[in-house]
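J.: Provided herewith is a single structure, encoded as structure tokens, for subsequent inquiry.
The values are calculated or read from the model by the stated rules, or taken from the named source; none is laboratory data. Quantities reported herein were computed from a predicted structural model and do not represent experimental measurements. Note that each Cβ is placed from the backbone with ideal geometry, even for glycine, and that neighbours are counted across all protein chains shown.
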Amino acid sequence: MIKAAIIGATGYSGAVLAGILSSHNDVEIVSLTSKSYAGKKFSDIYKNFKGILDVELEEQDVLKISKKADVIFLALPHGIASGEINKEILSNTKVIDLGADFRLKEKDVYETWYKTQHLSADLLDNAVYGLCEWEREKIKNASLVANPGCYATASILTVAPLLKEGVIDANDIIIDAKSGVSGAGRGLDLGTHYCECSESIKAYKVASHRHTPEIEQELSFISNKNTLINFTPHLIPMKRGILVSAYLKPLFNISLDEIKNIYKKYYQNEHFIRFLSGTDVPETRWTIGSNFCDINVFKDDRTGRIIAFGAIDNLVKGASGQAVQNMNIMFNIDEKKSLENVAVFP
């Protein structure tokens with residue numbers, strides 16, 4: 001049995017992660033921590049876990065927990081994990097960080113975008129970016145995995161095949177992304193109050209969203225070309241889900257059939273990526289509660305642009321589901337284990 005711990009179990013990502021792990025028959029949950037609810041039962045905070053996970057929440061002591069867990073999941077806001085993880089902890093256990101602290105390879109880039117000091121820059125070179133479909137071989141031998149951001153997951157999966165094959169201009173990529181309010185976390189914020197966001201849609205963090213350098217970094221690694229994007233996120237009045245619309249400029253004349261064949265080349269054997277047929281457009285409702293990413297691609301012959309769409313659940317494939325997928329790879333068990341839920345509908 002894999003002994004697992006979740007640091008920050010009572011946020012949305014932590015709770016979804018607890019749900020997935022509690023149904024994983026190769027996993028024993030040995031610790032759940034919470035800064036706000038230590039001493040209370042997890043099932044008293046999330047009552048859907050009554051009789052399933054009646055575990056008392058602990059104080060956060062990562063070193064102590066590392067001595068009894070085979071893997072620690074960090075479901076914490078940015079800026080905390082870099083002060084908690086060190087070489088001693090990594091000698092005791094594997095770590096999967098759902099936050100942002102180990103995603104960016106350059107300390108200065110992280111500190112510029114996240115406006116906080118990185119406290120363990122010596123570990124950045126050892127951290128593996130946990131985008132399973134593109135980094136599987138590196139993940140297998142990793143002790144520290146940086147779980148990708150939700151917007152980054154959807155964006156990279158949607159665009160990467162065409163960049164990898166050198167089909168599109170790496171400096172002319174426009175990504176328009178829309179997310180449900182759970183992406184903002186469980187903390188109170190005026191902008192995500194029901195009365196503030198219901199019956200409305202808005203762009204936010206225009207030209208300044210922190211997933212921008214993450215997307216650029218990973219697309220640059222995949223394509224071996226410096227990549228520049230325009231990335232604009234939007235808040236949609238729904239609980240969960242992300243839809244990415246990517247507008248891409250081809251470098252030469254290429255047919256839609258050829259474009260589709262490129263996606264099939266990279267994704268036809270990827271269980272969690274469903275490349276849709278014909279003119280079906282990805283919809284968030286068909287991925288909610290699942291670890292699947294739905295993708296399709298179109299060509300606008302009038303403008304010459306390629307338009308690609310990707311849809312995921314921001315809390316599953318965009319966070320906790322991908323974290324478990326990473327764990328499965330790291331421990332050499334079936335990658336699909338505990339992740340084959342069908343989307344919840346209606």
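J.: For segment 266-296, how many residues are of a type outside the set (S, T, Y) and touching a residue at least 60 places away in the same chain (Cβ under 8 Å)?
T.: Counting residues in segment 266-296 that are of a type outside the set (S, T, Y) and touching a residue at least 60 places away in the same chain (Cβ under 8 Å) gives 7.
A quick yes/no check of all residues on (1) in a loop (DSSP other than H, G, I, E, B); (2) at pLDDT 95 or above:
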site	(1), (2)
L188	yes, no
G191	no, no
V206	yes, yes
T212	no, yes
T232	no, yes
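J.: Okay, moving on. Using the structure shown, decide if A142 is in a loop (DSSP other than H, G, I, E, B), in contact with a His (Cβ under 7 Å, 6 or more places away or on another chain) and hydrophobic (A, V, I, L, M, F, W, C).
T.: Taking the combined requirement at face value, the residue does not satisfy it.
J.: Something else about it: Quick check: anything in segment 191-202 in contact with a Cys (Cβ under 8 Å, 6 or more places away or on another chain), within 28 Å of Y114 (Cα to Cα) and either in contact (Cβ under 8 Å) with a residue 40 or more places away in the chain or of a type in the set (F, W, Y) (or both)?
T.: Looking for residues that are in contact with a Cys (Cβ under 8 Å, 6 or more places away or on another chain), within 28 Å of Y114 (Cα to Cα) and either in contact (Cβ under 8 Å) with a residue 40 or more places away in the chain or of a type in the set (F, W, Y) (or both), one finds at least one in segment 191-202, hence yes.
J.: Could you list, in sequence order, all residues of segment 257-294 that are touching a helix residue (DSSP H, G or I) at 6+ places or on another chain (Cβ under 6 Å) and either in a helix (DSSP H, G or I) or hydrophobic (A, V, I, L, M, F, W, C) (or both)?
T.: Once the filter is applied, which keeps residues that are touching a helix residue (DSSP H, G or I) at 6+ places or on another chain (Cβ under 6 Å) and either in a helix (DSSP H, G or I) or hydrophobic (A, V, I, L, M, F, W, C) (or both), segment 257-294 yields I262, Y263, Y266, I273, F275, C293.
J.: Is it the case, given these coordinates, that K68 is touching a Lys or Arg at 6+ places or on another chain (Cβ under 8 Å), among the basic types (K, R), assigned by TED's automatic domain parsing to the domain that holds S13 and surrounded by fewer than 16 Cβ atoms within 10 Å (Cβ to Cβ)?
T.: Judged against the criteria, K68 is a match.
J.: Another question about this same structure. Sort through I175, I156 and tell me the only one that's crowded, with 24+ Cβ neighbours inside 10 Å, at pLDDT 95 or above and assigned to a strand (DSSP E or B).
T.: I175
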